[in-house]
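Here the structure is laid out as structure tokens; the discussion comes afterwards.
Each reported figure results from applying straightforward, stated rules to the coordinates on display, with no laboratory input. These figures come from a predicted structure and were not determined experimentally. No Cβ is skipped: glycine too gets one built from the backbone with ideal geometry, and neighbour counts run over all protein chains shown.
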Amino acid sequence: MPVTHFWINNGLVPADEANISVLDHGFTVADGVFETLLVTDGKVFALDRHLKRLAKSASGLGIAPPIDSQIADGISQVLAKNPKIDFGRLRVTLTSGSGPLGSDRSSVAPTLVISLAEQATWPESTTALLVPWTRNENSPLAGLKTTSYAENVYALAAAKAQGFSEAIFCDTSGRLCEGTGSNIFLVKDEEIVTPSAASGLLRGITRDLVIESARDAGFTVTERDVDPLELWDAKELFITSSTRDIHPVSELAKLDASGNVEANRLLDKGLITEKLGNIFISKRTENMNP
């Protein structure tokens, strides 16, 4: 059944009446932040961690975040009012509110939207394309989850046009960074390696949980500068996100500046990736709010 209600500012609104002002800065200049939470069996995962990151992103962008309990109450009402979602995503979006047709903000209250959508489950493995465009690790927005996603939309469309599921960026210094909506991990000589925050990546909630659970299980996990050439030497590759969990990469390639796909390689799932995936699912089953 389709979603029937969203939350806007202070209450539930029928989906066909869920509107915000055309002058909202989230619409005119993408002046906002957001979080995407996994919904499984009608429940959200890692709520407290997501709310903490939302507050950090809002503070970094200069937007006053709502009180956590108000957002949590809105989420509860959205989940209760809509048909049960077995697998999907819930999104909390916070913008600086209505403003002028320019970059200046007004002094109005922020806009808060809580939306919900069901989605198909991901396939057992995925494919990734290293793209020639870069993340700016020196940006004042680096590490914040903002609504300025046009760069991601462009890169993902380019990857999909070539038959790949995700696009992977480097930073302006040439270091491996992240995907359009995911973090990337390599397995090399029994060591799990992932780019550090110095690359300007967004510290994914799933990324951090995977690092924690892997270390608890006795694996060596290293966050460091990663040369993109290491992608072609790695024994295993996987990406992580709120809805993907740990998603093995079965095919990798590179898109050059002229739009040509090169250096294609195929990969097996790998025992370490499989073990980490099983550990992650087991821990999520035990605790929905780690």
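Using the Cα centre of the chain as origin and beta-carbon charges of +1 (Lys, Arg) and -1 (Asp, Glu), tell me which of Phe280, Pro83, Ala150 is placed farthest towards the positive end of the dipole.
It is Pro83, whose Cα lies furthest towards the positive end.
Can you grab the distance from the C-alpha centre of the stretch 80-109 to the C-alpha centre of the stretch 1-66, Å, no decimals?
Taking the Cα centre of the stretch 1-66 as reference, the centre of the stretch 80-109 is 4 Å away.
What dipole magnitude, in Debye to the nearest 20, does the chain give about its Cα centre under +1 on Lys/Arg Cβ and -1 on Asp/Glu Cβ? Display every interim value, and only then the final one.
On the way: 27 positive and 37 negative charges, 97 e Å.
Taking the Cα centre of the chain as origin, the dipole is about 460 debye.
Within straight cross-link reach of Lys52, meaning Cα distance under 15 Å, which aspartates and glutamates are found once same-chain residues fewer than 8 apart are removed?
Lys52 reaches Glu35, Asp68, Asp208.
How much of the pair distance distribution for the stretch 226-290 lies past 20 Å, counting alpha-carbon pairs only, in percent?
Working: 860 of 2080 pairs.
Taking all Cα-Cα pairs of the stretch 226-290, the fraction more than 20 Å apart is 41 percent.
When each pair of different Cα atoms in the chain is counted once in the 1/r mean, what is the Kirkwood radius in angstroms, to one decimal?
Values: mean 1/r = 0.0502 Å⁻¹.
For the chain, the Kirkwood estimate is 19.9 Å.
Set Lys and Arg Cβ to +1 and Asp and Glu Cβ to -1, take the dipole of the stretch 1-141 about its Cα centre, and tell me which of Ala120, Leu51, Ser21 lies farthest positive.
It is Leu51.
Evaluate E = 1/(1 + (r/R0)^6) for Ala72 and Asn278, where r is the Cβ-Cβ distance and R0 equals 30 Å; express this FRET efficiency to the nearest 0.05. Intermediate values should be presented prior to the final figure.
Working: r = 30 Å, r/R0 = 1.00.
Calculated transfer efficiency: 0.50.
Given the options Ala257, His247, Cys177, identify the residue whose Cα lies farthest towards the positive end of the charge dipole of the stretch 170-290 (+1 on Cβ of Lys, Arg; -1 on Cβ of Asp, Glu).
His247
Could you tell me what % of all Cα pairs in the stretch 17-69 have separations over 19 Å? Don't jump to the answer; show the numbers that get you there.
Working: 579 of 1378 pairs.
Considering the stretch 17-69, 42 percent of its Cα-Cα pairs are separated by more than 19 Å.
At a 10 angstrom cut-off on C-beta neighbours, averaged per residue, how do the peptides 244-251, 259-266 rank from highest to lowest?
On the way: 244-251: 21.9, 259-266: 11.5.
Ranked from most to least packed, the peptides come out as 244-251, 259-266.
Cα centroid distance between the stretch 218-262 and the stretch 130-153, in Å?
18
For Asn9 and Asp48, calculate 0.36 nm times their separation in residues minus their Cα-Cα distance, and state this gained length in nm to one decimal.
Details: separation 39, 0.36 × 39 = 14.04 nm, distance 1.98 nm.
The span from Asn9 to Asp48 would gain 12.1 nm if fully extended.
Show me, for the stretch 14-24, the HN-Hα J-couplings you get by feeding each phi into the Karplus relation (A = 6.51, B = -1.76, C = 1.60, θ = phi - 60°), rounded to Hz, glycine and proline as x.
Result, ordered by residue: x, 4, 6, 10, 7, 10, 10, 5, 5, 9, 4 Hz.
How about the stretch 7-112: which trypsin sites (Lys or Arg not before Pro) there are in a DSSP loop, with at most 13 other Cβ atoms within 10 Å of their Cβ? Spell out each step's value before the answer.
On the way: sites: Lys43, Arg49, Lys52, Arg53, Lys56, Lys81, Lys84, Arg89, Arg91, Arg105; in loops: Lys84, Arg105.
Passing sites in the stretch 7-112 are Lys84.
For the chain, what does -39500 (n - 2.57) per DSSP helix run (n ≥ 4), summed and divided by total residues, give at 222 nm, in deg cm²/dmol to the nearest 500? Working shown, then result.
Values: 6 runs with 73 residues, N = 290.
Theoretical 222 nm ellipticity from helices: -8000 deg cm²/dmol.
What is the dipole size for the stretch 177-290, taken about its Cα centre, with +1 at each Lys and Arg Cβ and -1 at each Asp and Glu Cβ, in debye to the nearest 20? All intermediate terms of the calculation are to be shown ahead of the outcome.
Working: 13 positive and 20 negative charges, 72 e Å.
Approximately 340 debye in magnitude.
Relative contact order of the stretch 93-142: what whole-number percent is it, with Cα pairs under 8 angstrom and at least 6 residues apart? Kindly include the intermediate steps, with their values, before the conclusion.
Details: 31 pairs, mean separation 13.0, N = 50.
In percent, rounded to a whole number, it is 26.
Could you work out the Kirkwood radius for the stretch 135-251, taking every pair of different alpha carbons, averaging 1/r and inverting it, reported in Å? Walk me through the intermediate numbers first.
Working: mean 1/r = 0.0690 Å⁻¹.
Evaluated over the stretch 135-251, this radius sits at 14.5 Å.
For the stretch 72-129, what ratio Rg/Rh do Cα atoms give with a Kirkwood hydrodynamic radius? Numbers along the way, then the final one.
Working: Rg = 16.9 Å, Rh = 14.6 Å.
Reported Rg/Rh (Cα atoms, Kirkwood Rh): 1.16.
Excluding residues fewer than 8 places away in the same chain, name every one of the lysines whose C-alpha is closer than 22 Å to that of Lys269.
Straight-distance partners of Lys269: Lys160, Lys188, Lys235, Lys254, Lys283.
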